Amino acid sequence: MKEGIEPLVNDEFAGEPPTKRCLAYLQTQREKGKHVVGIYCGYAPMEVIRAADMVPSVLCAFDDKTIAAGEEVLPANLCPLIKSSYGFIKTDTCPFYALSEAVIAETTCDGKKKMFELIADIKPTHVMDLPQLPDQKEAQDNWTTMIRKLAGFLETTFKTKISDDRVEQEIKNANLRNKLLNQVFDFAALPSMPLTWQEVYDLTYFGQVATTKDMLPILESALATLQKRVADGVYHGEKDSPRVLVTGCPVGGDATKIFKIIEAAGGVIVYLDSCTGMKAYAGHFEEGAPDPYRSVSRRYLEVPCSCMTPNDRRLSELDIIINKFRPDVIIDVVLHACHSYNIESSKVKTHVETIHKKPFLRIETDYSQSDVGQIRTRVEALLEMVPKK
Ligand code: SF4
Ligand code: SF4
């Protein structure tokens, strides 16, 4: 946002990396006696963790500096997210892992599930068998069973009880938080964007950790600030900046170089379609279902991750996003050696080029700075294709 504009959330953490706010929050929760549980993935059923009165802690996975330590054990030609995650654990430098008393993991891609084996003996690590044919009836049944097993793991490990009523309450809390977060995202659909990708990223990051009760004042303040920005004619970028939708692999930490390049090239990012962005808040949990665990299961199986097959929901979600946020171009970010997102990229390209007639660019990258010049050239060429408004 331009100099002198009031931050979206005007508190002591304004302008700081989002990890700082999260870490301070988790430390306070631990001091209050709450248990902290580490998570790595968009399939971690947060509502069950919260129903146990525990706090999810998003573990570090986005720093180039831990890759070398990761590569001492893992193959170099593995996704940087996995190498960085493992490197953090190996070098004991992830403060979120240090605070966590257990880790919840899911069988998403091969690299991740094998990495979990390597860390399973450090802290209690509960691996959930994620069905990968999400539209089949058995997937619903099996994932519901896995979510119930997670509840059993938390109950046994932390000697607690999780009632169905508490799960139902967390479903309602998640729906309320998602509704308010989506009201914030809606401002990015305006012709002139009154918020930045960094502001969206910070909110979505904190939303993974904080309870809805603790998020409410932040979201209400953000909505009031956005309304004021619109009333005052404050916007990000230029009035005719090319609008960019970024989809694909999770992008955080050192990988946010992509977002910075897009902005430096004159684009504004109107939607972050990944698990580190708005994707985690796109769905809705059925309230008052006969079995709240099944409601949680249904919602998570709708997450359109490339580990699913077929993953047609990714394309239908993109249709909704494109129609609402009206990007001029689509950039698909694929982390090195992420085969599922890489292969799926050709489907996404065909879809957005033929159905939406939008220019598309796939960027394959890691966490290093070595490809910044080359990416900048490609992004600049893409944005030059956008006709002046
Ligand atoms: S992209 Fe898939 S595997 Fe990665 S965090 Fe999201 S849901 Fe999990
Ligand atoms: S980016 Fe791809 S390879 Fe890396 S952890 Fe996620 S799904 Fe696995």
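None of the figures in this text is laboratory data; all of them are computed from the coordinates on show. All figures in this text were calculated on a predicted structure; none of them were measured in a lab. Backbone-built Cβ (ideal geometry, glycine too); neighbour counts: all protein chains shown.
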Q: When a/c is below 1.5 the answer is rounded, else prolate if a/b is larger than b/c, else oblate, so apply that to the range 18-163 with a ≥ b ≥ c taken from the square roots of the Cα gyration tensor eigenvalues.
A: oblate
**Q.** Size of electric dipole in the range 18-163: Cβ of Lys, Arg +1 and of Asp, Glu -1, about Cα centre, debye, nearest 20
**A.** 500 debye
Q. With contacts defined as alpha carbon pairs under 8 Å and 6 or more residues apart, what's the relative contact order of the range 18-163 in percent?
A. 23 percent
Q | Only Lys, Arg (+1) and Asp, Glu (-1) charged, at Cβ; the range 89-239 dipole about Cα centre in debye | A | 160 debye
(Q) Explain nothing, just the number: dipole magnitude of the chain about its Cα centre with +1 on each Lys and Arg Cβ and -1 on each Asp and Glu Cβ, in debye rounded to the nearest 20. (A) 360 debye
(Q) Let's test the formula: R0 of 51 Å, r as the Cβ-Cβ distance of residue 182 and residue 73. What FRET efficiency results, to the nearest 0.05? (A) 0.80
(Q) Test of understanding: what is the full-extension gain from residue 316 to residue 172, defined as 0.36 nm times their sequence separation minus their Cα-Cα distance? (A) 49.3 nm
Q) In the chain, which helices (entire DSSP H runs) extend 27 Å or more along their own long axis, judged by Cα positions, while averaging at least 0.0 on the Kyte-Doolittle scale? A) 212-231
Q: May I ask you to order 156-167, 93-104 by the average number of other C-beta atoms within 10 Å around their residues, highest value first?
A: 93-104, 156-167
(Q) If you filter the range 37-100 for GluC sites (Glu not before Pro), then keep DSSP loop positions with at most 13 other Cβ within 10 Å, what is left? (A) 72
Q.
Let me check against my output: what whole-number percent is the relative contact order of the chain, with C-alpha pairs under 8 Å and at least 6 apart?
A. 19 percent
Q.
List the trypsin sites (Lys or Arg not before Pro) within the range 1-64 that DSSP assigns to loop and that have no more than 15 neighbouring Cβ atoms inside 10 Å.
A. 2, 32, 34
Q. Shape call for the chain from the C-alpha gyration tensor, a ≥ b ≥ c root eigenvalues: rounded (a/c under 1.5), prolate (a/b greater than b/c) or oblate?
A. rounded
Q: Net charge near residue 12: determine it from the other residues with C-beta under 13 Å of the C-beta of residue 12, scoring Lys and Arg +1 and Asp and Glu -1.
A: 0
Q: Calculate the spin-label point distance for residue 220 paired with residue 121, positioning each point 7 Å from the Cα along the beta-carbon direction, and give it in nanometres.
A: 5.1 nm
Q: Pull out a ≥ b ≥ c, the square roots of the eigenvalues of the alpha-carbon gyration tensor of the range 1-90, then state rounded if a/c is under 1.5, prolate if not and a/b is larger than b/c, and oblate in the remaining case.
A: oblate
Q | Sum of -39500 (n - 2.57) over DSSP H runs of 4+, divided by residues of the chain (222 nm, nearest 500) | A | -15500 deg cm²/dmol
Q. Which of the listed residues, 181, 136, 153, is farthest toward the dipole's positive end in the range 134-189, when Lys, Arg count +1 and Asp, Glu count -1 at the beta-carbon?
A. 153
**Q.** Protection-proxy order for peptides 9-17, 182-190, each taking the mean of Cβ atoms within 10 Å per residue, highest first
**A.** 182-190, 9-17
Q: Within the range 285-379, report the trypsin sites (Lys or Arg not before Pro) that DSSP leaves as loop and that have at most 10 other Cβ atoms within 10 Å.
A: 357
